Structure formats: structure tokens, C-alpha cells
Amino acid sequence: MKKVLLPFYLLTLFLVIGCGQKNNNAAEEALQHQRDSLARIIEQKDNEIDDMMATMNNIEEGFRVINEAEQRVTLSKDGEGSTAAERIRENMEFIQSQMQQNRELINKLRGQLRQSTVKGDQLRLMLDNLTRQMEEKDARIRQLQAELEAKDVQIGELNTKVTTLSNNVSTLREETTEKTQTISSQDKQLNTAWFVYGTKKELKDQRILEDGKVLQSNFNRDYFTKIDIRIDKEIRLYSRSAKLLTAHPQSSYALVQDANKQYILRITNPQLFWSTSKYLVILVK
């Protein structure tokens with residue numbers, strides 16, 4: 001009887017040990033899976049923070065070069081002659097270009113923060129501060145442009161006196177130049193448009209959206225980004241939800257998603273798209 005029971009006991013013991021090992025292996029696999037998931041989450045947050053900090057650094061660098069160009073304009077505007085005027089023109093064009101880049105970077109940062117899994121009040125405060133700097137810089141550039149326009153009036157009066165003493169060929173040359181500039185300015189205006197995207201709260205804060213209506217009141221025009229419709233045919237929205245609030249022909253555009261499922265507005269027929277309105281408002285979440 002004892003010989004029969006001994007193998008049974010041994011078999012039972014092996015089964016118990018085997019089950020214990022399986023349970024230990026399952027527990028270890030579950031723990032490793034948790035470690036891997038946590039590592040992926042930490043890596044994702046680190047990447048998001050790195051991306052946002054890189055965007056912030058680019059914005060700060062943009063403000064630095066704008067300040068330098070502004071100082072050059074301030075020094076040049078008290079000078080005389082074509083050389084000073086040319087320096088002013090070049091620096092003002094550079095400032096406008098850099099301001100446009102900074103607006104786009106701030107919009108990008110706003111989208112990154114909206115989609116990020118990192119919820120930090122400090123990051124939002126930094127975004128608010130950059131937005132405030134942009135508004136202050138816009139006001140300063142407008143003031144500088146007004147000062148330059150006032151100086152142009154004085155220069156124009158002097159030019160009138162000089163023109164009176166010049167011959168008809170010089171007068172004709174000036175008229176031709178003015179006509180060329182006028183045509184160029186009109187062409188630029190015809191191909192200029194403005195766009196903005198934001199959450200419902202952001203659009204309401206800027207009075208762009210009120211009582212369900214778009215652009216019906218005295219909205220903040222400085223909140224919009226200016227573009228050239230001949231060049232800018234794609235607008236990244238940095239959101240997985242997007243809806244056009246202004247009216248544009250549906251056949252003239254497409255909303256497509258990138259690898260991260262975030263929407264891009266692709267304008268396939270710019271002339272038709274902007275024919276109804278030169279202002280574009282997009283609601284995102």
C-alpha cells in the first residue's frame with residue numbers, strides 16, 4: 001500500500017511546484033509589462049516636454065533678433081539718403097517676416113500644449129507670457145511704423161521741392177516708380193488673407209465667436225495670422241478635431257490627418273477658397 005501511495009505523493013508535489021513556478025512567471029511577466037508601460041509613458045512625456053521647450057526656445061530667439069532689428073531701424077531712421085532708407089526697408093521686412101514666424105510658433109505651441117499629456121500650469125503661464133510679449137511687440141512695431149510714416153511725409157515734402165527744380169525725365173521716372181509700387185501693393189493686398197484656430201473658449205476670449213456667430217463684433221484682429229494665399233496652401237492645426245466656422249466652398253479644400261491623427265487644412269483651390277472671405281476661423285479641441 002505504501003509503495004502505491006509514494007508515487008502519488010511525488011506527482012502531487014511536482015504539480016504544486018509547477019503551478020507555483022507558473023504563477024511566479026505570470027506575476028513577473030505582469031510586473032515587467034507594467035515597467036515597460038511606465039517607461040513608455042515617461043519617454044512620451046519627456047519627448048513632449050522637449051518638443052515644447054524647443055518651440056519656446058525658437059520663439060525667444062525670434063524675439064531676440066526682432067529686438068536687434070528694431071534697434072537698427074531706430075538708429076537708421078534719423079539718417080538721411082537712400083542708404084538709410086534701404087537699411088530701414090530691409091530691417092522692417094525682416095521684422096515682419098520674423099513676427100510672422102513667431103505667430104506661427106506660438107500657434108504651434110498652443111496646439112502642442114492642448115494635445116499634450118503633460119498638464120502643467122507653469123507651461124501654460126509661459127505660453128500666456130509669450131502671447132503677451134507678442135501683443136506688446138505688435139504694438140511697438142505699429143508705433144515704429146507710424147514714426148517712419150511721419151518721417152516719410154517730411155521727406156516727401158523735400159522731394160517735392162527738389163522735383164520742382166528737376167527736369168521732366170526725372171518726374172516721369174518718379175511717376176513710373178510710384179505706379180509700380182502701387183500695383184505691387186495692390187497685388188499684395190489682393191493675395192493677403194488671415195486665419196486663426198482655437199478652442200471655443202479661446203475664440204470667445206478674443207470676441208471672434210460670440211453667441212454662436214463668427215466675426216460679428218469688434219474681434220481682435222491681431223490674434224489672426226497673415227498669409228499669402230499664393231504661397232500658404234497648408235495649415236497645420238495640431239488637433240484631432242477641426243471644424244471650419246467661416247464659409248468656404250467645400251470643393252476648394254480638404255481636411256486630412258497626419259501620422260498622429262492631427263488635422264491639416266489643405267487648400268486645393270486658393271482663389272475659390274478665399275473668394276467668399278479673406279478671414280478663416282477654425283474651431284479645434
Go through the stretch 229-264 and count every residue that is within 17 Å of residue 105 (Cα to Cα) and out of contact with any Lys or Arg (no Cβ under 8 Å at 6 or more places or on another chain).
3
Just give me the residues in the stretch 209-253 being under 11 Å from residue 195 (Cα atoms), open to solvent by 80 Å² or more (accessible area, probe 1.4 Å) and in contact with a Leu (Cβ under 9 Å, 6 or more places away or on another chain), in sequence order.
none
In this structure, is residue 60 at pLDDT 65 or above, closer than 30 Å to residue 225 by Cα and either surrounded by 12 or more Cβ atoms within 10 Å (Cβ to Cβ) or out of contact with any helix residue (DSSP H, G or I) (no Cβ under 6 Å at 6 or more places or on another chain) (or both)?
yes
Given the conditions (1) modelled with pLDDT under 85; (2) open to solvent by less than 30 Å² (accessible area, probe 1.4 Å); (3) in a helix (DSSP H, G or I), which single one is not true for residue 102?
(1)
Look at residue 202 and say whether it is surrounded by 12 or more Cβ atoms within 10 Å (Cβ to Cβ) and within 26 Å of residue 51 (Cβ to Cβ).
yes
Is at least one residue of the stretch 124-132 touching a Lys or Arg at 6+ places or on another chain (Cβ under 7 Å) and either of a type in the set (A, V, I, L, M) or modelled with pLDDT of 80 or more (or both)?
yes
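Let's see how each residue does on (1) touching an Asp or Glu at 6+ places or on another chain (Cβ under 9 Å); (2) at pLDDT below 85; (3) open to solvent by less than 40 Å² (accessible area, probe 1.4 Å):
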residue	(1), (2), (3)
67	no, no, no
70	no, yes, yes
78	no, yes, no
81	no, yes, no
84	yes, yes, yes
92	no, yes, yes
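The values are calculated or read from the model by the stated rules, or taken from the named source; none is laboratory data. On a predicted model such as this, the values are computed, not experimentally measured, just so you know. Glycine also receives a Cβ, built like all others from the backbone with ideal geometry; neighbour counts cover every protein chain displayed. Each accessible area value is taken on the protein alone, full model and side chains, heavy atoms only, with ligands, DNA and RNA left out. Shrake-Rupley method; radii C 1.70, N 1.55, O 1.52, S 1.80 Å.
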